[in-house]
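> Take this structure, written in structure tokens, and hold onto it; I'll ask about it next.
The values are calculated or read from the model by the stated rules, or taken from the named source; none is laboratory data. What you see is a predicted model, and the numbers here were worked out from it, not measured in a lab. Every residue, glycine as well, gets a Cβ built from its backbone with ideal geometry; the counts of neighbours run over all protein chains shown. To get the accessible areas, we keep the full protein, side chains included, count just its heavy atoms, and leave off ligands, DNA and RNA. Shrake-Rupley method; radii C 1.70, N 1.55, O 1.52, S 1.80 Å.
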Amino acid sequence: MLRQALAAAEAIRDEQYKAAALVGVAGSLARVGETRQALGTADAIVGERHRALALSEVAEVLAQAGEAQAVAEVAQEAWAAARAIGYGPDRAEVLVGVAGALAQAGKRNAATAAALQALAAARAIGYEWSRTETQSELAVALAQAGEAEAAAEFAVRALAVAEAIVDEKD
């Protein structure tokens, strides 16, 4: 079934839709233990945003499977791809996944660094809703990885920005 999904995705002519479909296929391949094929699919994706998203998703799946060394390698590859993404919220989206995967794999320092870069990417755009969204997603990812203290810090930050947005509208 996944081979058919991969073939169908590869047959899509529009590169954006094709890339988006391949992100899903790469994640699905990783979920069924086909890590090598998932990484090959991710590497074949044209466009850094979708390639980085696919790698981030594979890293998250590997983290859930307890494969810490593989997580570190794939997360670093996703992180490198994220650097080429020009639009801050898109870069932040990838880095949130990277931070969550690294945290779940017990790579606390690297997870913190990825989280801080995600925040910097969200801030670079200047939209407060984007920063709030990124901080909220980081709080969830870190909480799921058992990093309660860091998760609480990001949740408090997100709440403060959200309250400031509400205050501006009053």
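> Please indicate, with yes or no, whether at least one residue in the range 68-89 is at negative phi, basic (Lys, Arg) and either open to solvent by less than 40 Å² (accessible area, probe 1.4 Å) or part of a helix (DSSP H, G or I) (or both).
no
> Additional query: Identify all residues within the range 1-43 that are in contact with a helix residue (DSSP H, G or I) (Cβ under 8 Å, 6 or more places away or on another chain), open to solvent by 70 Å² or more (accessible area, probe 1.4 Å) and of a type in the set (Lys, Arg); write none if there are none.
Arg31
> Still on this structure: Looking at (1) free of Cβ contacts under 8 Å to residues at least 24 places away in the same chain; (2) touching a helix residue (DSSP H, G or I) at 6+ places or on another chain (Cβ under 6 Å), can you tell me which one Ala150 breaks?
Against the list (1) free of Cβ contacts under 8 Å to residues at least 24 places away in the same chain; (2) touching a helix residue (DSSP H, G or I) at 6+ places or on another chain (Cβ under 6 Å), Ala150 comes up short only on (1).
> What pairs come up if the first residue lies in the range 109-122 and is within 11 Å of Val98 (Cα to Cα) and assigned to a helix (DSSP H, G or I), the second is modelled with pLDDT under 85 and open to solvent by 40 Å² or more (accessible area, probe 1.4 Å), and their beta carbons are under 7 Å apart, counting only those six or more places apart or on different chains?
none
> Pairs, please: C-beta under 7 Å, at least 6 apart or cross-chain, first residue more than 11 Å from Leu53 (Cα to Cα) and in the range 76-93, second of a type in the set (D, E, K, R)?
Ala84/Glu48
> Can you say whether Ala155 is farther than 24 Å from Glu77 by Cα, touching a residue at least 12 places away in the same chain (Cβ under 8 Å) and not hydroxyl-bearing (Ser, Thr, Tyr), as far as the supplied structure shows?
yes
> May I ask you to list the residues in the range 1-16 that are of a type outside the set (A, V, I, L, M) and over 17 Å from Glu48 (Cβ atoms)?
Matches in the range 1-16: Arg3, Gln4, Glu10, Arg13, Asp14.
> Which ones in the range 123-156 are in a helix (DSSP H, G or I) and either among the aromatic types (Phe, Trp, Tyr) or touching a Cys at 6+ places or on another chain (Cβ under 9 Å) (or both)?
Once the filter is applied, which keeps residues that are in a helix (DSSP H, G or I) and either among the aromatic types (Phe, Trp, Tyr) or touching a Cys at 6+ places or on another chain (Cβ under 9 Å) (or both), the range 123-156 yields Trp129, Phe154.
> Restricting the first residue to the range 10-31 and requiring it to be touching a residue at least 12 places away in the same chain (Cβ under 8 Å), which pairs with a second residue that is open to solvent by 40 Å² or more (accessible area, probe 1.4 Å) and β-branched (Val, Ile, Thr) meet a Cβ separation below 7 Å and a spacing of at least six or different chains?
Correct list of pairs: Glu15/Val46; Lys18/Ile12; Ala19/Val46; Ala21/Ile12.
> Here is a further query. Take the range 44-55 and flag every residue that is within 9 Å of Ala78 (Cβ to Cβ), in contact with an Asp or Glu (Cβ under 8 Å, 6 or more places away or on another chain) and either in contact (Cβ under 8 Å) with a residue 40 or more places away in the chain or open to solvent by 40 Å² or more (accessible area, probe 1.4 Å) (or both).
Result: Arg51, Leu53.
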